[in-house]
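Peer 1: Sharing a structure below in structure tokens format, with a few things to ask.
The values are calculated or read from the model by the stated rules, or taken from the named source; none is laboratory data. Being a predicted model, the structure only gives us computed values, none of them experimental. In this analysis, Cβ positions are derived from the backbone assuming ideal geometry, glycine residues included, and neighbour counts consider all displayed protein chains.
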Amino acid sequence: MLKEIEEKLLKEKESIEKELNKFAKEDATPDNWNTKFPKYDGDLESEADEVQEYEKLLSVEYSLEKKLTDVNLALEKIKNNSFGKCEKCGKEINPERIEACPEARLCSKCN
């Protein structure tokens with residue numbers, strides 16, 4: 001089961017990185033990306049659209065970076081044999097929760 005979860009996490013990581021690559025550049029810092037500023041025409045209306053689009057992309061970038069960090073942490077925990085334990089109480093995370101969200105860091109009780 002652990003191998004299947006690892007494969008699922010690796011696919012999720014690849015998917016997140018692919019999505020981030022559409023509008024951001026990877027930073028030297030692990031799991032950190034920088035949103036590219038969209039380029040439109042030079043008029044004021046276009047500049048306002050650029051800013052609005054950039055703000056939207058920043059929000060998406062943040063969400064994807066958080067998810068990527070959680071996925072990478074879960075993969076690291078698999079390597080360290082600490083996967084599936086709640087970070088808050090230390091108890092085992094319910095297998096159904098892990099199946100639904102393999103990057104879960106907390107059990108249902110502590111979440």
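Peer 1: Restricted to segment 65-74, and to residues that are farther than 11 Å from GLU12 by Cα and not hydroxyl-bearing (Ser, Thr, Tyr), which residue is surrounded by the fewest Cβ atoms within 10 Å (Cβ to Cβ)?
Peer 2: My answer is LYS66.
Peer 1: Let me ask something else about it. Give the residue, chosen from LYS67, LYS77, that is in contact (Cβ under 8 Å) with a residue 24 or more places away in the chain, charged (D, E, K, R) and in a helix (DSSP H, G or I).
Peer 2: Among LYS67, LYS77, only LYS67 is in contact (Cβ under 8 Å) with a residue 24 or more places away in the chain, charged (D, E, K, R) and in a helix (DSSP H, G or I).
Peer 1: Would you tally the residues in segment 96-111 being among the charged types (D, E, K, R) and surrounded by 15 or more Cβ atoms within 10 Å (Cβ to Cβ)?
Peer 2: The total comes to 3.
Peer 1: Still on this structure, please answer the following. I'm checking my understanding of the structure. Among residues of segment 4-33 that are modelled with pLDDT of 95 or more and exposed (fewer than 15 other Cβ atoms within 10 Å of the Cβ), which one is farthest from the chain's Cα centre (by Cα)?
Peer 2: GLU4
Peer 1: Looking at segment 4-21, I want the residues that are under 14 Å from SER63 (Cβ atoms) and without any contact (Cβ under 8 Å) to a residue 60 or more places away in the chain and have a partner that is part of a helix (DSSP H, G or I) and acidic (Asp, Glu) with Cβ atoms under 9 Å, at least 6 apart or on another chain. Which pairs are those?
Peer 2: Pairs that qualify, where the first residue is under 14 Å from SER63 (Cβ atoms) and without any contact (Cβ under 8 Å) to a residue 60 or more places away in the chain and the partner is part of a helix (DSSP H, G or I) and acidic (Asp, Glu), are ILE16/GLU65; LEU20/GLU61; LEU20/GLU65.
Peer 1: Moving on to the next point. For segment 86-95, state whether one or more residues are modelled with pLDDT of 95 or more, under 12 Å from LEU9 (Cα atoms) and surrounded by fewer than 12 Cβ atoms within 10 Å (Cβ to Cβ).
Peer 2: The answer is no, given that none of the residues of segment 86-95 is modelled with pLDDT of 95 or more, under 12 Å from LEU9 (Cα atoms) and surrounded by fewer than 12 Cβ atoms within 10 Å (Cβ to Cβ).
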